[in-house]
Amino acid sequence: PLNIFRVWCCSTMRLVISMAVLAAALSSTSAFSPSPAMTRTASARPYTTSTIAAAVNDSNNDGKEFMEMIQTQTKNAATLMTAASILVGTMFVGGDVTMAAPMSSTAPAPATPTTKAAAPKAVADPLQKEKEVVTSAKATLSKATESLNSSKKAASDAKATYTKAQKSLSDAEKATANAKKALVQANDKLTSKKSEGGTSDAALKEMSALADKVGAAKVTLKKAETDTTAAKTAETNAGKVLSAAETAEKSAEKNSANAQKVLQSAEDKLAAATKKMKAEAEKKAKEEKIAKEKAQKAKAKADKKAKKEAKEKAKKAAAEKKKAEEKARKEAKAKAAKEAKQKKAAKEAADKKAKTVKEQEKKLKELESQKATLNKKMTDSAKAEKTAEDAIKKQKAELEKLKSK
């Protein structure tokens, strides 16, 4: 109750303070009241954006007043919003006035980004090494195959060039042979004509023509020999290129074959490792299954044993409880019998005491009667009286002693 009363008092005080602030905000200034410039402008046209622009442009004084009016109304609006936020904050029990901070207060610092949760660690692939070897072997084989294809194309091109060079050389040699044959024939004809010894114009003209043919045949032979030499050089160079291309092709074939063997070996190792890992996984799964079955059997056996022990324990507890109850019943019965016996003995003792007291009282009365008689008669001697008094005292003492027990 004390805490509730304190909360109520705090809420009431906050409400009173917020109402006072709100009243002060509303009465201190004429918030949102039109300025003189606005009053002058409002009579002519509505309060719109174009009106504000027109008011600013009326004169320098009007523009200054208008800007001051805007600033004042902005401050008043902020004060009003502050007071209203205080009022809203105090409408809730335990509300905090800090929610009514002015709008012009410093903006809160941006929230610090939380650290992202660490990504789960990837499980290492047990066959990663073998797979990397296979990938590398495939890349090597791809490069070797590409090189082999290039070498084959280069060898094919060199072969075609060499075949063409051989044909050119053969054609050149044939042309040289034909040129030699033509030169021999022309020379034989010229020699034969000269041996005839003709001196006529016709004979001389014919010999001159034959001499021209011999000269032309020599030129043709020289050209054919030059072409043959060039063809032989080209054929030799083409042969060298072909030999180099064939050597490169054989080397590329060897490299490709080796790369193929390396890839096959890597794939075989990967397959063997995969098979081994699969066998180990199956073996492990089998062992886990057997272990699980053993655990289940052991658990069932333990549960059965525990159930049996619990049953025996419950049976033993029930027997012990029954035995304890029987013992308690016997003890209660014995206690009740003992108490009854004690009660009976006490009653008998009380009855005996009462009887003795009654007898002593009777005897005392008799003695007192005797004393009275003695006193009345006054016939006995003083000794008899004293004896009677002593007897009375003694009897009284015995009676008091008996009562005090």
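A compact table of results
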| quantity | calculated |
| --- | --- |
| Lone qualifier among 128, 185 - being under 60 Å from the mean Cα position of the chain (by Cα) and either open to solvent by 50 Å² or more (accessible area, probe 1.4 Å) or aromatic (Phe, Trp, Tyr) (or both) | 128 |
| Among the candidates 192, 170, residue that is modelled with pLDDT of 90 or more, out of contact with any strand residue (DSSP E or B) (no Cβ under 6 Å at 6 or more places or on another chain) and not acidic (Asp, Glu) | 170 |
| Pair list, Cβ under 9 Å, 6 or more apart: the range 288-306 residue of a type outside the set (S, T, N, Q), other residue surrounded by 10 or more Cβ atoms within 10 Å (Cβ to Cβ) and part of a helix (DSSP H, G or I) | none |
| Residue satisfying condition, being under 30 Å from residue 234 (Cα atoms), open to solvent by 80 Å² or more (accessible area, probe 1.4 Å) and touching a residue at least 40 places away in the same chain (Cβ under 8 Å), within set 173, 146 | 173 |
| Scan of the range 196-222 for residues that are of a type outside the set (Gly, Ala, Ser) and in contact (Cβ under 8 Å) with a residue 12 or more places away in the chain, ordered by number | 206, 207, 210, 213, 214, 218, 220, 221 |
| Condition met for residue 193 (surrounded by 13 or more Cβ atoms within 10 Å (Cβ to Cβ), touching a residue at least 24 places away in the same chain (Cβ under 8 Å) and part of a helix (DSSP H, G or I)) | no |
| Residues that are closer than 29 Å to residue 350 by Cα and free of Cβ contacts under 8 Å to residues at least 12 places away in the same chain, drawn from the range 384-405 | 390, 393, 394, 397, 400, 401, 404 |
| Odd one out for residue 290, checked against (1) of a type in the set (Val, Ile, Thr); (2) surrounded by 13 or more Cβ atoms within 10 Å (Cβ to Cβ); (3) modelled with pLDDT of 90 or more | (2) |
| The range 359-379, residues that are of a type in the set (D, E, K, R) and either within 13 Å of residue 400 (Cα to Cα) or in contact with a Pro (Cβ under 9 Å, 6 or more places away or on another chain) (or both) | 361 |
| Only listed residue being surrounded by 12 or more Cβ atoms within 10 Å (Cβ to Cβ) and at pLDDT below 95, chosen from 281, 266 | 266 |
| Cβ-Cβ under 6 Å pairs, at least 6 apart or on other chains, the range 235-258 side closer than 20 Å to residue 137 by Cα, far side in a helix (DSSP H, G or I) and of a type in the set (Val, Ile, Thr) | 256/145 |
| Residue match in the range 228-242 (condition: over 29 Å from residue 162 (Cβ atoms), in contact with a Leu (Cβ under 6 Å, 6 or more places away or on another chain) and not hydroxyl-bearing (Ser, Thr, Tyr)) | no |
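The values are calculated or read from the model by the stated rules, or taken from the named source; none is laboratory data. Values in this document were obtained by computation on a predicted structure and should not be read as measured data. In this analysis, Cβ positions are derived from the backbone assuming ideal geometry, glycine residues included, and neighbour counts consider all displayed protein chains. When the accessible area is computed, the model is the full protein with side chains, heavy atoms only, and any ligands, DNA or RNA have been set aside. Shrake-Rupley method; radii C 1.70, N 1.55, O 1.52, S 1.80 Å.
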